[in-house]
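Encoded as structure tokens, the structure appears first; notes follow it.
The values are calculated or read from the model by the stated rules, or taken from the named source; none is laboratory data. From a predicted model like this one, the values you see are computed outputs, not experimental measurements. In this analysis, Cβ positions are derived from the backbone assuming ideal geometry, glycine residues included, and neighbour counts consider all displayed protein chains.
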Amino acid sequence: MTDFAGVGVIGAGAFGTALAISVARGGVPVTLYARDAGLVFRMRAEGENAARLPGMVFPDGLHVTSDPTNLPEGPVLLAVPMQKLRGALEGLPDFGDRPLVACCKGIELTTGLGPAEVIAARRPAAPVALLTGPSFAHDIARGLPTALTLACADDTRGAALQQGLSTPNIRLYRSTDVIGAEVGGALKNVMAIACGAAIGAGLGESARAALMTRGYAEMVRLALARGARAETLAGLSGFGDLALTCTSTLSRNYRYGVSIGENALFDPDITVEGAATARAVQVLARSMNLDMPITDAVVGLIDGTLKVAEALALLLSRPLKEE
Ligand SMILES: NC(=O)C1=CN([C@@H]2O[C@H](COP(=O)(O)OP(=O)(O)OC[C@H]3O[C@@H](n4cnc5c(N)ncnc54)[C@H](O)[C@@H]3O)[C@@H](O)[C@H]2O)C=CC1
Ligand SMILES: O=C(CO)COP(=O)(O)O
């Protein structure tokens with residue numbers, strides 16, 4: 001249990017709603033903020049977020065609001081898409097010294113920063129943490145078991161958040177390596193697009209295993225160059241989330257990749273973090289002289305400058321090297 005008076009959640013999408021449900025079920029009062037007053041009205045009337053998590057009934061202790069000044073004293077979880085995070089912060093109150101916990105995965109296109117770094121840049125006085133790792137919103141909301149990483153540079157603060165945000169079905173592991181956790185969560189989505197494209201194009205399971213493994217090598221390469229620890233990438237926020245996202249049709253990034261491989265349409269309103277992040281990572285990697293061939297291939301696929309067969313040929317024709 002926690003000594004927080006409550007928890008605020010910004011963003012009533014799938015993940016924000018699932019986290020709010022799970023934390024409230026654990027007995028901590030939660031207020032979920034949505035910008036859209038109409039959505040707040042519907043969620044109050046229906047006792048669920050029918051648009052994002054139909055059938056997942058809100059427990060007692062979960063309140064919804066369209067007024068961000070209405071959040072309880074305690075940590076504020078930011079569960080909005082990565083490329084919307086900076087804009088969301090601009091429209092929100094200061095929140096004083098309340099911990100701000102980034103719950104998004106990606107790299108900002110305009111700056112090359114991860115979510116915790118964006119929050120720290122916009123709210124320099126606030127304690128900042130990152131919640132990331134393998135979990136689908138539906139699994140969390142259904143009460144299925146999950147294990148995630150709570151990363152915070154200040155370990156004392158991180159321990160309090162770990163304690164306070166763990167729930168009956170979210171087991172939190174603590175880390176002080178925020179950059180490593182950010183890089184893992186961001187890059188696994190890029191690799192999931194690559195794996196989806198391979199499967200969609202009929203390249204087979206062996207190709208997927210190769211992409212996951214060499215994709216993991218890219219994740220570690222970028223993370224180490226940014227000062228992270230290799231073992232963080234081997235944990236839930238890196239390997240764990242890579243394994244989940246590259247192998248499940250529940251993943252939007254993976255399904256988007258499959259649509260590329262099948263040459264099929266994909267609903268542009270669905271959040272696919274790996275698309276913008278692939279571009280952001282490509283820019284970042286080039287500025288650091290890092291070789292990221294799978295990321296480059298994913299950018300080509302997304303931009304339509306490469307077909308899957310061409311991307312494959314490029315990857316396979318690279319000079320042979322040591323593993
Ligand atoms: N859905 C999932 O299973 C998981 C999602 N995540 C991460 O959570 C983040 C959010 O994803 P989802 O909730 O799934 O996306 P979503 O597309 O279901 O919802 C995003 C929500 O953010 C809201 N939003 C956008 N801009 C906003 C702003 N300025 N102020 C307030 N709200 C704003 C939208 O209205 C929408 O309700 C992503 O970074 C994703 O990678 C992480 C783990 C699991
Ligand atoms: O981050 C996730 C699982 O950990 C959700 O993945 P998608 O965003 O690809 O659906």
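Scanning the range 167-176 for residues that are within 16 Å of ligand 2 (Cβ to nearest atom), closer than 30 Å to residue 24 by Cα, in contact with a Leu (Cβ under 9 Å, 6 or more places away or on another chain) and of a type in the set (Lys, Arg) turns up at least one hit.
Take residue 101 and tell me if it is of a type outside the set (Lys, Arg), within 17 Å of residue 178 (Cα to Cα) and more than 16 Å from ligand 2 (Cβ to nearest atom). In short, no. Restricted to the range 258-316, and to residues there that are in contact with a Ser or Thr (Cβ under 7 Å, 6 or more places away or on another chain) and of a type in the set (Gly, Ala, Ser), the residue that is nearest to residue 210 (Cα to Cα) is 278. Have a look at 67, 60, 97 and point out the one that is acidic (Asp, Glu) and modelled with pLDDT under 95. Only one candidate passes the filter, namely 97.
Is there a residue in the range 77-94 that is in a loop (DSSP other than H, G, I, E, B), under 22 Å from residue 23 (Cα atoms) and either of a type in the set (Ser, Thr, Tyr) or away from ligand 1 (no atom under 13 Å from the Cβ) (or both)? The answer is no; no qualifying residue exists. In the range 30-52, the residues that are modelled with pLDDT of 95 or more form Cβ pairs under 6 Å with partners that are in a loop (DSSP other than H, G, I, E, B) and exposed (fewer than 14 other Cβ atoms within 10 Å of the Cβ), at six or more places apart or across chains, as follows: 47/57; 48/57.
Residue pairs whose Cβ atoms lie under 6 Å apart, separated by 6 or more positions or on different chains, with the first residue in the range 143-170 and on the phi < 0 side of the Ramachandran plot and the second at pLDDT below 95 and surrounded by fewer than 20 Cβ atoms within 10 Å (Cβ to Cβ), are 164/2. Does residue 148 satisfy the criteria of being in a strand (DSSP E or B), crowded, with 19+ Cβ neighbours inside 10 Å, aliphatic (A, V, I, L, M) and within 16 Å of ligand 2 (Cβ to nearest atom)? Yes, satisfied. On the stretch given as the range 273-306, residues that are surrounded by fewer than 24 Cβ atoms within 10 Å (Cβ to Cβ) and not in a helix (DSSP H, G or I) total 7.
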